[in-house]
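> Can you read through this structure? Questions will come right after.
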């Protein structure tokens, strides 16, 4: 009986050391993968106010004037420069001129915000595939997280089934 309890304790330690890391790492990958699509892409303009937080991607502009913002986010201090990856100097200048024209009447409206984003999207859509920077997808992380989580759950159910079978065999 003593060797049975030692074996059960050893099995519990082995199960915990295999299953918990699989479930934790799988869960982390799932959360990161699911949240990846919610961040601004490389061609996204975020209209914000001074003092708002910013992320690592996207261009942050003042909501009323269209001027680039200096903003802080989690571990990030950055200046928006209104330079989009893959855009030529002329294309970036075109966006700046468009913003300046829209801001001439004093303040940018929500319609102005949408028209600026539409202009940027139009230019980005015309970039050749080798130059256009694609938005990061979380699908790989989701697949890895799902695989690790499923493996952890399968191991857990296997250990639980084995434990239950051994427990009922003793009665």
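> Has the range 97-104 got any residue that is surrounded by 12 or more Cβ atoms within 10 Å (Cβ to Cβ), in contact with a strand residue (DSSP E or B) (Cβ under 8 Å, 6 or more places away or on another chain) and part of a helix (DSSP H, G or I)? First the steps, then the outcome.
Narrowing the range 97-104 to residues surrounded by 12 or more Cβ atoms within 10 Å (Cβ to Cβ): 98-100, 102-103.
Then keep just the ones that are in contact with a strand residue (DSSP E or B) (Cβ under 8 Å, 6 or more places away or on another chain); that gives 99.
If we keep only those that are part of a helix (DSSP H, G or I) too, we end up with 99.
The answer is yes, given that some residue of the range 97-104 is surrounded by 12 or more Cβ atoms within 10 Å (Cβ to Cβ), in contact with a strand residue (DSSP E or B) (Cβ under 8 Å, 6 or more places away or on another chain) and part of a helix (DSSP H, G or I).
> Output yes when any residue across the range 47-54 is assigned to a helix (DSSP H, G or I) and either at pLDDT 75 or above or farther than 30 Å from residue 167 by Cα (or both), and no when none is.
Scanning the range 47-54 turns up no residue that is assigned to a helix (DSSP H, G or I) and either at pLDDT 75 or above or farther than 30 Å from residue 167 by Cα (or both).
> Give the residue, chosen from 22, 61, that is surrounded by 16 or more Cβ atoms within 10 Å (Cβ to Cβ), closer than 20 Å to residue 86 by Cα, modelled with pLDDT of 80 or more and more than 17 Å from the chain's Cα centre (by Cα).
Answer to the selection: 61.
> Across the range 118-159, which residue is surrounded by the most Cβ atoms within 10 Å (Cβ to Cβ) among those that are at pLDDT 85 or above and assigned to a loop (DSSP other than H, G, I, E, B)?
Ranking the qualifying residues of the range 118-159, first place goes to 127.
The values are calculated or read from the model by the stated rules, or taken from the named source; none is laboratory data. Small disclaimer: the values here were computed from a predicted structure and weren't measured. Positions of Cβ are generated from backbone atoms using ideal geometry, with glycine treated the same way; all protein chains shown enter the neighbour counts.
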